[in-house]
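> My structure is below; once you've seen it, I'll send some questions.
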Amino acid sequence: MKRVTKVVSSDSRVGVYICHCGGNISDHVDVNAVCEKISNLDGVRTAKTNSFMCSDPGQEMIIEDLRSGEIDRVVVASCAPSLHEATFRNALSRAGVNPYLYEHANIREQVSWVHHGEAATLKAERLIAAAVAKARLLKPLDPIRIEAKRHATIIGGGIAGLKAAKDLSSRGIEVVLIEKSPFLGGWTAMLDTLAPTGEKAADLVSSLAREVLEHPLVTIHSCSQVTGFEGSVGSFRLEVQKGPSDSGVPPVKDRGIFIPFRGYLPEEDEQPCKAFVVETGVIVIATGFKPYHPKNGEYGFAEFEEVVTLPRFIRMLAERDAGEGPLSIGGKEIKNIAMIHCVGSRHIPGIHEEDESGKLNEHCSRNCCSATLHAARLVRDRFPGTHVFEFYRDIRTYGRFQEDLYSKASESNVIFLRFEPESPPVVSRNPRADGSSLKVAVNDTLTFGERVEVPADLVVLSVGMQPSDVSDLIEMMKLPVGADGFLQEIHPKLRPVELSVAGIVLAGTCQAPMDTGEASAAGSAAAVKASAILAKGYVELDPFIAEVDLEKCRGNGECVKACLRQGALYLKDFDLHGEKVRKAQVDPVLCTGCGACVAVCPENAVDIRGWTISQYEAMVEAIARES
Amino acid sequence: MNAEKSTMQIFKFDAIVIGGGIAGLQSSLDLADQGFKVAVVERDATIGGKMIRLSKVFPTLDCSSCITTPKMAAAAHHENITIFTFCELESIERNTDNHFVVRITQKPRYVDQDKCIGCRKCEYVCPIYLPDSEQGGFSARKAIYVPFSNAVPQIALRDPENCLLCGKCEKVCPTRAVDFFQEPEEFIVESRAAILATGFEMMPLEKNVQYGSGQIPDVITALQMERLLAPHGPYNRVLRPSDGMEPESVAFIQCAGSRDKSLGLSYCSRVCCMYSIKQAMLLSGALPLADITVYYMDIRAYGKGYEQFFQNSAAMGVQFVKGKVAFLNGSDGGKVKLRYESQEKDGGVQTAEHDLVVLSLGLLPGWNPDGKCGVSPASDGFISTVLPKSAPALTDMEGLFVAGAASGPKDIVDTIVEAGAAAMEASNYLGRTGRS
Amino acid sequence: MLATQKAGKILILATESCAYPGANAVGQAHSSYPENVFILRTRAPVLFPERFYIECFEKGISGIIIMSCGVECPYHGAYEVLARRIDRVFEMMRKRGLDPTRLRLTAICTVCTRAFLKEVQQMNEIVTKLGPPAAERTDTPPAEAS
Ligand SMILES: Cc1cc2nc3c(=O)[nH]c(=O)nc-3n(C[C@H](O)[C@H](O)[C@H](O)COP(=O)(O)OP(=O)(O)OC[C@H]3O[C@@H](n4cnc5c(N)ncnc54)[C@H](O)[C@@H]3O)c2cc1C
Ligand SMILES: Cc1cc2nc3c(=O)[nH]c(=O)nc-3n(C[C@H](O)[C@H](O)[C@H](O)COP(=O)(O)OP(=O)(O)OC[C@H]3O[C@@H](n4cnc5c(N)ncnc54)[C@H](O)[C@@H]3O)c2cc1C
């Protein structure tokens, strides 16, 4: 009486295989009784049991029935699908049948292990009947395959970009590197020796740049910027504009040269200004950071010439002759240096002032503690007559061998003063004619809040890191940005270098502050993802994506509006029987198969392949039915 | 055993990954996705490392299992990855072809891996109850058991030290998988590249005299706290282990062994500030009325989103006290007494009492290559890297790379990125040395 | 026969990345729960249109729990859309005289075994109290204009 009329192709022939799981199921579920009942269901050609369906004999049973043509689709009722769904799909493939003509019934974790007695048997039967109902409606599916050009484009030629270029070219992938400035090396080239290892930044940049420049698979375009973007993973198309070089350095031939505090200048292009197109399979974004620029008057910046930023100070120290004599500024000896941490970092709403665009840098910039301690130590080593005072909130020497910098700085008599964000140090003119032109006053929490005044001939601001301005790329490529302004990965742990736009990966400090070692690692991690995408020459994606029934679709565009992934669904004009019609189309590369479109279509014209609404309806009917 | 040597089984792979924690899994996935054949060797009975044992993870507070299990499953099902669990690494050497020859011992589970279906019938009939180290020792396990519900593989193992050989498990096993006579078995993996992903261990509490050598009730390790906070933890809620009371005040002690030469570790263990803040936040959700205090030297919230996470916890009412805790004592009132040198207000030596104290013990290397492999550890005991700025995965042994906490304490994000980098270096090495 | 004396059937729509493995973890722990609970695996419950829920009740399902991943949803923005849709379903249920407590939207993680059991227990109490949905409906809905 309750027989439901079916929209099923009557020729689907389901084979059902029920597992005893060596008593795990059969101790609680009357497997034979269930088998008997299920074999009477519409569409079921055969129902069998086995003590271990996952065993070779169990799988052979399925393969034989498929090969003989008795059945054309399979339901296995056994343990959780996470354990053996793949096993059984595989068995279908081996029998030469599409692996998606398979449905799983979970009667161990969700039946025999949680229910007992007759109730368990009845529930197992219902779940299998539901699986059969779905199986009858299954269609063969094929994974989506997208051709991918074995070519990668890297935007940004800092350490992260160079490292990614080196790695990808070593894998035999053609690489184009696009750098905005005339130089390679990014901010690393603006440093002298690196904390905590002490190695020369110039050597690091030069050796990496040379390796990349010498690789036959790499083409470098300096003074260049991306001006146009289209396409998707496997086949992107970038428009690039190369401008004139403003390096101020005469053009170089051969391998290029390293210019201190500028970067590595590659060999000049014959044709300086041009626009060109790059066709590429993946894009690596490595656009880096920019140091925080203090506001006028912030700790006396731009007010007193003795107040400088850390990058400026690093350069001052490096360019100072190795010769004898004390450290000096404007001919005057520097007896005391005050270094103030967290300038432009760790802002707290309500305490710190926003900039013109209403932005606060709430993040920690990660590098400044080590870089500051490193500079302090250099001063103490080279100019023992110069005293160093560090004003800090927390010393964050988190990384390997960084803590040594901290303890060595203390040992070399660097004096530490700790302040609370509410009462930062105050830099002012020193009224006393006793020497230092400035003084820095602070409530030092290390001496229990005592007001301390430190004389200073030079004040160094440890400025933080901000993302470099890539609003054009963000706009063009629809790149996600986090609350901190840095580019935002899909998931910090599951997919830390991938962006929600498939085929675009992130490398280095455009994602978050990092030191050079971490930026190198990030460059390699981005490269390995890119390499995996390009390894086969094609990308294979899950077949479970949206599909539009063009017969039913009336092109009202509801699905396009509901789509959570811009571009995955769009309306397209068709010529149908000589008539111009507008219907929804799915971009298989962009569609994630979430189904947000399915729910809103008034014509029920959209479905997710392999998970259709009618399959669910059939399952619910089977479950609701009394046995 | 000697006679068997010549017949020892040899498996060949492009690369071998030592350690199946998140670093090892990510490295092997990144290699396998490029088409390389990879062997993963794990000492433990399950892959997943520390991460699968955590409650939730900073700074996103997502459930750790939910982000570890997909990677475990992806590795377990990958056509290019073969996982060997419960295996001890004997040695890694290079042969004349410049290939790595890795000698491995399959430790006996006393359960046939090919037959066991993970149904745990043996576990239910086993009459022995033992403290479950996977639950911080706070609940019981049996002498034959599957490590935990999301372990991979789901295969039982018998604990021979505590088993009474009653034979119940053998009788009940539907696949006759229990085998009391299993012997250790040696085999060899040959590969052209190798990645060390041997992770870290937490300093044993027993060694920490200052903090009571593990003798003071309700002084627990941070890993134990992870279990108390886990949704599938040993108790229904966060209770103090000694008497099952809901703690009204909980203290987290930072740098308990780190940044302190007198305790052996001069380095910073890098993750403790953040996991303590995380635990404090989770705790304030679980016990809204409890006072939660973090004793610290410097709060090192350096990663992406970490500072904001720290500021949120302070806004939620977690107390931060700058001071170095010098000593812990039990007290008659069932509280833990704490003496610390305050660096706040009036300073000086102060005392405080808490119901439960959680120690951020220092992190130690998970493996010592001494006598097993020619790679060098650095002064901190972790694997030395030779180009930390330009190629952080490179060790001083050609073709051998390092990833994750094996080269120093590291959070999950940095571990995963480094694991990708190690896979990249290994792929390039495989390419250079001529892959078919 | 037997089934009619029991509480009506409860349908759980469980996400394949969070709640479905969570339900399996309950199984692994051998914690039992009422057997009138049937779990269907979904990629993302944002798939189901409003009418799907109503039709489930019409087919005789007494209660539905959507066990999503909550904010950990792998499909960006889907959870928010789902939550808004469920509000509309509640509205439709009220109009049809269906007690809205028969439908619940929750988030369950891969190891949230206790939360799972609690949700199931609560829904079971609700459907036991309310009886089958057919008994409750005051009138048949206005013919679906299709
Ligand atoms: C004061 C200071 C001291 C430091 N000290 C140390 C230290 O001692 N040790 C250490 O390890 N690290 C140190 N660092 C950190 C180090 O500078 C960074 O880790 C490193 O520079 C990051 O490299 P990157 O490639 O990610 O970014 P960057 O160096 O910023 O390079 C990015 C590159 O991308 C280019 N670019 C930007 N936008 C575009 C675009 N739209 N199109 C094309 N190209 C573009 C830029 O011109 C640049 O060349 C310090 C940083 C600072 C600020
Ligand atoms: C209490 C605590 C809480 C934490 N919370 C967080 C958090 O919330 N967020 C976060 O980002 N990080 C957190 N961490 C850090 C996190 O645990 C590590 O980042 C991560 O586990 C490192 O992964 P790994 O694979 O390098 O090492 P491990 O997880 O240690 O894995 C190493 C693996 O190698 C195996 N192994 C070791 N030696 C051998 C050998 N010789 N042969 C074979 N196998 C071997 C081990 O058995 C293990 O499975 C926390 C750490 C602790 C201690």
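The values are calculated or read from the model by the stated rules, or taken from the named source; none is laboratory data. Just so it is clear, the structure is predicted and the values come from calculations on it, not from any experiment. Reconstructed Cβ throughout: ideal geometry from the backbone, glycine too, with neighbour counts over all protein chains shown. Heads up: the accessible areas ignore ligands, DNA and RNA and are worked out on the full protein's heavy atoms, side chains in. Shrake-Rupley method; radii C 1.70, N 1.55, O 1.52, S 1.80 Å.
> For A:Ala135, indicate whether it is surrounded by 24 or more Cβ atoms within 10 Å (Cβ to Cβ), farther than 19 Å from A:Leu184 by Cβ and either away from every other protein chain (no Cβ under 13 Å) or at pLDDT 95 or above (or both).
In short, yes.
> Then there's this: Considering B:Glu190, B:Glu248, which residue is of a type in the set (D, E, K, R) and within 30 Å of B:Phe100 (Cα to Cα)?
One residue alone meets the criteria, B:Glu190.
> Give all pairs with beta carbons closer than 9 Å in which a residue from region A:478-493 that is at the interface with chain B (Cβ under 8 Å from one of its Cβ atoms) and among the aromatic types (Phe, Trp, Tyr) meets a residue that is open to solvent by less than 20 Å² (accessible area, probe 1.4 Å) and part of a loop (DSSP other than H, G, I, E, B); count only pairs at least 6 apart in sequence or on separate chains.
Between residues of region A:478-493 that are at the interface with chain B (Cβ under 8 Å from one of its Cβ atoms) and among the aromatic types (Phe, Trp, Tyr) and residues that are open to solvent by less than 20 Å² (accessible area, probe 1.4 Å) and part of a loop (DSSP other than H, G, I, E, B), the close pairs are A:Phe486/A:His363; A:Phe486/A:Gln511; A:Phe486/A:Ala512; A:Phe486/A:Pro513.
> Answer with yes or no whether A:His341 is open to solvent by less than 40 Å² (accessible area, probe 1.4 Å), outside the structural domain of A:Trp187 (by TED's automatic domain parsing) and farther than 18 Å from A:Arg377 by Cα.
Values: open to solvent by less than 40 Å² (accessible area, probe 1.4 Å): yes; outside the structural domain of A:Trp187 (by TED's automatic domain parsing): yes; farther than 18 Å from A:Arg377 by Cα: no.
For A:His341, the condition - open to solvent by less than 40 Å² (accessible area, probe 1.4 Å), outside the structural domain of A:Trp187 (by TED's automatic domain parsing) and farther than 18 Å from A:Arg377 by Cα - is not met.
> Quick one: B:Asn98 ticks every box in (1) at negative phi; (2) in a loop (DSSP other than H, G, I, E, B); (3) more than 14 Å from chain A (Cβ to nearest Cβ) bar one, so which box is it?
Result: B:Asn98 passes all but (1).
> Check region B:128-135 and report whether any residue there is open to solvent by 30 Å² or more (accessible area, probe 1.4 Å), under 14 Å from B:Asp44 (Cβ atoms) and among the polar types (S, T, N, Q).
Yes: one or more hits.
> Spot the failing condition for B:Lys37; the list is (1) within 28 Å of A:Gln488 (Cβ to Cβ); (2) more than 10 Å from ligand 2 (Cβ to nearest atom), and only one is missed.
The one condition B:Lys37 does not meet is (1).
> Only one of these is more than 21 Å from A:Val505 (Cβ to Cβ), away from ligand 2 (no atom under 16 Å from the Cβ) and within 9 Å of chain B (Cβ to nearest Cβ): A:Thr197, A:Thr193. Name it.
A:Thr197
> On to the next question. Residue by residue through region B:228-242, note down the ones that are within 16 Å of B:Ser284 (Cα to Cα) and touching a Phe, Trp or Tyr at 6+ places or on another chain (Cβ under 8 Å).
Hit for region B:228-242 is B:Leu228, nothing else.
> Kindly establish whether A:His347 is within 14 Å of another protein chain (Cβ to nearest Cβ), part of a loop (DSSP other than H, G, I, E, B) and of a type outside the set (D, E, K, R).
Yes; evaluated as a whole, the condition is true for this residue.
> Among the listed residues B:Val146, B:Val178, identify the single one that is touching a residue at least 12 places away in the same chain (Cβ under 8 Å), crowded, with 17+ Cβ neighbours inside 10 Å, outside the structural domain of B:Cys87 (by TED's automatic domain parsing) and under 30 Å from C:Cys112 (Cα atoms).
Testing whether each residue is touching a residue at least 12 places away in the same chain (Cβ under 8 Å), crowded, with 17+ Cβ neighbours inside 10 Å, outside the structural domain of B:Cys87 (by TED's automatic domain parsing) and under 30 Å from C:Cys112 (Cα atoms) leaves just B:Val146.
> Condition first: in a loop (DSSP other than H, G, I, E, B) and within 16 Å of ligand 2 (Cβ to nearest atom). Now tell me which residues in region A:512-535 satisfy that.
Listed by number, the residues that qualify are A:Ala512, A:Met514.
> If you don't mind, another one. Which residues, counting only those in region A:498-546, are within 7 Å of chain B (Cβ to nearest Cβ) and hydrophobic (A, V, I, L, M, F, W, C)?
Result: A:Ala512, A:Ala521, A:Ala522, A:Ala525, A:Ala527, A:Val528, A:Ala532, A:Ala535.
> With the condition being open to solvent by 40 Å² or more (accessible area, probe 1.4 Å), I'd like the strands (runs of 3 or more DSSP E) fully within region A:372-484 carrying at least 3 qualifying residues.
The qualifying strands (runs of 3 or more DSSP E) are A:450-456.
> Okay, moving on. Suppose we keep only residues that are of a type in the set (Val, Ile, Thr) and within 10 Å of chain C (Cβ to nearest Cβ) within region A:571-605. Which one would you say is farthest from A:Val233 (Cα to Cα)?
Result: A:Val600.
> Now, a different point. Look at B:Val172 and say whether it is over 28 Å from B:Pro241 (Cβ atoms), open to solvent by 20 Å² or more (accessible area, probe 1.4 Å), in the same structural domain as B:Phe36 (by TED's automatic domain parsing) and β-branched (Val, Ile, Thr).
Criteria not met by B:Val172.
> Follow-up question, since we're still on this one. Among the residues of region A:536-553 satisfying the criterion of being in a loop (DSSP other than H, G, I, E, B) and in contact with a Pro (Cβ under 6 Å, 6 or more places away or on another chain), which is nearest to A:Leu590 (Cα to Cα)?
Out of the qualifying residues, it is A:Ile545.
> For A:Ser365, are the conditions met, namely being part of a helix (DSSP H, G or I), under 32 Å from the mean Cα position of the chain (by Cα) and modelled with pLDDT of 95 or more? Show your work before the answer.
Values: part of a helix (DSSP H, G or I): no; under 32 Å from the mean Cα position of the chain (by Cα): yes; modelled with pLDDT of 95 or more: yes.
Taking the combined requirement at face value, the residue does not satisfy it.
> Also: Residues in region A:548-564: is at least one modelled with pLDDT of 90 or more, in contact with a strand residue (DSSP E or B) (Cβ under 6 Å, 6 or more places away or on another chain), open to solvent by 60 Å² or more (accessible area, probe 1.4 Å) and not hydroxyl-bearing (Ser, Thr, Tyr)?
yes
> Do you know which of the residues in region C:19-59 that are of a type in the set (Val, Ile, Thr) and outside any strand (DSSP E or B) is farthest from the other protein chains (Cβ to nearest Cβ)?
C:Ile54
> If you don't mind, another one. So which strands (runs of 3 or more DSSP E) stay within region B:318-357 end to end and still have 3 or more residues that are under 22 Å from B:Met225 (Cα atoms) and in contact (Cβ under 8 Å) with a residue 60 or more places away in the chain?
Per the criteria, B:319-330, B:348-354.
> Out of the residues in region B:195-250 meeting the condition of being among the small types (Gly, Ala, Ser) and at positive phi, tell me which one is nearest to the chain's Cα centre (by Cα).
Top of the filtered list is B:Gly199.
> Looking at A:Ile173, A:Ile128, A:Ile154, which is the one that is among the β-branched types (Val, Ile, Thr) and within 16 Å of ligand 1 (Cβ to nearest atom)?
The match here is A:Ile154.
> So, in region B:286-317, how many residues would count as being within 24 Å of B:Ser262 (Cβ to Cβ) and touching a residue at least 60 places away in the same chain (Cβ under 8 Å)?
Final tally of qualifying residues: 1.
> Against the condition within 16 Å of ligand 1 (Cβ to nearest atom) and either polar (S, T, N, Q) or at negative phi (or both), how does A:Pro513 come out, does it pass?
Values: within 16 Å of ligand 1 (Cβ to nearest atom): yes; either polar (S, T, N, Q) or at negative phi (or both): yes.
Judged against the criteria, A:Pro513 is a match.
> May I ask you to list the residues in region A:581-596 that are touching a residue at least 40 places away in the same chain (Cβ under 8 Å) and either of a type in the set (Gly, Ala, Ser) or open to solvent by less than 20 Å² (accessible area, probe 1.4 Å) (or both)?
A:Gly593, A:Gly595
> Let me ask you something else. Take region B:396-422 and flag every residue that is more than 7 Å from every other protein chain (Cβ to nearest Cβ), crowded, with 24+ Cβ neighbours inside 10 Å and over 19 Å from the mean Cα position of the chain (by Cα).
B:Leu400, B:Phe401, B:Ala422
> Considering only region C:85-119, state which residues are assigned to a helix (DSSP H, G or I), within 14 Å of chain B (Cβ to nearest Cβ) and open to solvent by less than 50 Å² (accessible area, probe 1.4 Å).
Result: C:Thr113, C:Ala115, C:Phe116, C:Leu117, C:Glu119.
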